[in-house]
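Written out below as structure tokens is the structure these notes cover.
The values are calculated or read from the model by the stated rules, or taken from the named source; none is laboratory data. Quick caveat: nothing in here was measured; it's all calculated off a predicted structure. When we count neighbours, we look across all protein chains shown, and the Cβ atoms used for this are built from the backbone with ideal geometry, even at glycine.
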Amino acid sequence: VYILAVETSCDETSVSIVRDGQEILANVVSSQIETHQRFGGVVPEVASRKHVESITWILAEALEKAGLRPDQLSAVAVTQGPGLVGSLLVGMVAAKAFACAMELPLIGVHHIAGHIYANQLVHQLKYPLMALVVSGGHTELVFVESEGRFRIIGQTRDDAAGEAYDKVARALKLPYPGGPHIDRLAHEATEAVTLPRAWLEPDSYDFSFSGLKSAVLAVLNQAGMKGIALEPSAVARGFQDSVIDVLVEKSLRAVEAFGAKQLLLAGGVAANKGLRARLEARCAEAGVPLLAPPLSLCTDNAAMIAAAAFLKYRRGQFAPFDMKAEPLLKLEAWSV
Ligand code: ATP
Ligand code: MG
Ligand code: FE
């Protein structure tokens, strides 16, 4: 089974071809980071326009890299949501046009299911499992009882982890996206600023990062007013330590409470070296297998969309050609 997938939910234009939900034949990703960097974040209208400009040649390049003719494909998958509506629409229209012209069935995919199933491209999944999803727009603990059946047991009440990284990076005058820069600074740090941890209620799996972000801004302001030179690396380290402490402890508590056989890491912030190292150590201690995608499959790509689409393909769950882009699509509703 060869699935061609299209992903345009945010600022990456990507087309991939994956065999049997596991083997990547082509994964072409075109990032718009340079375009958006001077604005300090993604500008939706600019993102849509860029997707329009690049989707056709990226689709052609993916087919060429995979060495396949369109008539050898089994289905066309596309990210249905969540994401920026203008960006989603470009991928949706491109996927429908291609599927229609080639007479292929269409599959709509939830973007976060894609991030989770990126792990299937490199690992053997065992259910039930717990997934920690940490991305630019989401921070969730997702219990996956069996293949493709999702239950969100905890989520952020305000900012997503990636969003907090990007906002703190901005305050430290680092380029967009800030996650990788904070990660690097935190590693170079010789000291750490003390910052709060948002544990919330003792039994809660929810997260909160806006208080931490405000605390960072307050520390920077106070240092500025007193004329104290604060090492950016000490701020980065203090911030990263706080984020990691909460993510790691809640994830391990969830794994135990739900009897999960594996802990999966997913989403752009899963590329964070500090988070990966701490999770590896704690999972080894607890005897829980930790699965994470390689860095290139943590951030947005269409290979993960093809991997998730395979679940629906096997069940014959195809989408109608009047499928709509859903900027607020719910993960649980997408369950097989
Ligand atoms: P969503 O998937 O929720 O719709 P998105 O697709 O914009 O959001 P991703 O592409 O999954 O998000 O991840 C991008 C985020 O990951 C950015 O906020 C970026 O700063 C963050 N990120 C990338 N690398 C790292 C890193 N090494 N450490 C921390 N954060 C990182
Ligand atoms: Mg992105
Ligand atoms: Fe994403």
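For the reader, a short list of remarks on this structure follows.
- Considering the conditions (1) in contact with a Ser or Thr (Cβ under 8 Å, 6 or more places away or on another chain); (2) outside any helix (DSSP H, G or I); (3) more than 14 Å from ligand 3 (Cβ to nearest atom), residue 86 is excluded by exactly one of them, (2).
- Yes/no for residue 75 being in contact (Cβ under 8 Å) with a residue 60 or more places away in the chain, away from ligand 3 (no atom under 16 Å from the Cβ) and touching a strand residue (DSSP E or B) at 6+ places or on another chain (Cβ under 6 Å): yes
- Residue match in the stretch 74-90 (condition: modelled with pLDDT under 95 and either surrounded by fewer than 22 Cβ atoms within 10 Å (Cβ to Cβ) or within 16 Å of ligand 2 (Cβ to nearest atom) (or both)): no
- Single residue of 36, 115 found to be within 12 Å of ligand 1 (Cβ to nearest atom) and at pLDDT below 95: 36
- Of all residues in the stretch 239-261 being out of contact with any Leu (no Cβ under 8 Å at 6 or more places or on another chain) and closer than 21 Å to residue 149 by Cβ, the one that is surrounded by the most Cβ atoms within 10 Å (Cβ to Cβ): 258
- Residue, farthest from ligand 2 (Cβ to nearest atom), within the stretch 45-63, restricted to residues that are in contact (Cβ under 8 Å) with a residue 24 or more places away in the chain and either surrounded by fewer than 15 Cβ atoms within 10 Å (Cβ to Cβ) or of a type in the set (S, T, N, Q) (or both): 56
- Any hit, the stretch 216-229, residues being out of contact with any strand residue (DSSP E or B) (no Cβ under 7 Å at 6 or more places or on another chain) and either within 28 Å of residue 300 (Cα to Cα) or within 16 Å of ligand 1 (Cβ to nearest atom) (or both): yes
- Just one residue in the set 141, 125 is in contact (Cβ under 8 Å) with a residue 24 or more places away in the chain, away from ligand 2 (no atom under 16 Å from the Cβ) and surrounded by 20 or more Cβ atoms within 10 Å (Cβ to Cβ); that residue is 141.
- For the stretch 65-82, the count of residues that are closer than 16 Å to residue 301 by Cα, of a type outside the set (D, E, K, R) and part of a loop (DSSP other than H, G, I, E, B) is at least one.
- The stretch 2-46, residues that are among the aliphatic types (A, V, I, L, M) and in a strand (DSSP E or B): 3, 4, 5, 6, 15, 17, 18, 24, 25, 26, 28, 29
- Considering 267, 274, 259, the condition of being within 22 Å of the chain's Cα centre (by Cα) and either on the phi > 0 side of the Ramachandran plot or without any contact (Cβ under 8 Å) to a residue 12 or more places away in the chain (or both) is satisfied by 267 alone.
- Residue check, residue 328 in contact with a strand residue (DSSP E or B) (Cβ under 7 Å, 6 or more places away or on another chain), closer than 18 Å to residue 113 by Cβ and either assigned to a loop (DSSP other than H, G, I, E, B) or free of Cβ contacts under 8 Å to residues at least 24 places away in the same chain (or both): yes
- The set of residues from the stretch 1-14 being within 16 Å of ligand 3 (Cβ to nearest atom) and not hydroxyl-bearing (Ser, Thr, Tyr) comprises 5, 6, 7, 10, 11, 12.
- Evaluation of residue 319 against (1) under 26 Å from residue 33 (Cβ atoms); (2) surrounded by 17 or more Cβ atoms within 10 Å (Cβ to Cβ); (3) touching a Lys or Arg at 6+ places or on another chain (Cβ under 9 Å) (one fails), failing number: (1)
- Note on the stretch 283-316: residues that are within 16 Å of ligand 3 (Cβ to nearest atom), surrounded by 19 or more Cβ atoms within 10 Å (Cβ to Cβ) and either over 24 Å from residue 263 (Cβ atoms) or of a type outside the set (S, T, N, Q) (or both) amount to 13.
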